[in-house]
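Scroll down for the structure; my scribbles are underneath it.
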């Protein structure tokens, strides 16, 4: 019996590949500079983590990434948003809201 999650994962990978293709087409309204895409080592350096930690986060699907031709790519903008999404409010902010 086929695992339904394998099918979903494959479809999501195909969507990611299509989006990457669109981003890199000339004249596309979605333009990404090559400097905005990072490999594993660059993503690790950017986040001040070690590459094995990046691979674990990818395996656990806890970090935004794209995969193309067996290579992982990370958007600097998406990584920044991912870090910012984990922001915790300060005590002062909680007291003001409370």
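Since every read-out is calculated from the coordinates, none of them should be taken as a lab result. Quick caveat: nothing in here was measured; it's all calculated off a predicted structure. Glycine gets a Cβ as well: all are built from the backbone with ideal geometry, and neighbour counts include every protein chain shown.
Would you order 73, 55 from fewest to most other beta-carbon atoms within 10 Å of each residue's own beta-carbon? Don't skip to the answer; put the middle values down first.
Numbers: 73 18, 55 14.
So the residues, fewest neighbours to most, are 55, 73.
Can you sort 40, 96 from fewest to most other Cβ atoms within 10 Å of each residue's own Cβ?
Values: 40 17, 96 9.
Listing 40, 96 from fewest to most nearby Cβ atoms yields 96, 40.
Could you give P(r) for the stretch 35-97, binned at 10 Å from zero, as whole percent values over all Cα-Cα pairs?
In whole percents, the pair-distance histogram is 20, 49, 16, 13, 2.
Output the relative contact order of the stretch 35-97, whole-number percent, from Cα pairs under 8 angstrom with separation of 6+ residues.
Working: 47 pairs, mean separation 20.6, N = 63.
With pairs under 8 Å counted, the relative contact order is 33 percent.
Please sort 56-68, 78-90 by packing, taking for each peptide the average over its residues of neighbouring beta carbons within 10 angstrom, highest first.
Numbers: 56-68: 14.2, 78-90: 10.7.
Ranked by mean Cβ neighbours within 10 Å, highest first: 56-68, 78-90.
For an R0 of 22 angstrom, estimate the FRET efficiency from the Cβ-Cβ distance between residue 39 and residue 10 and round to the nearest 0.05.
0.40
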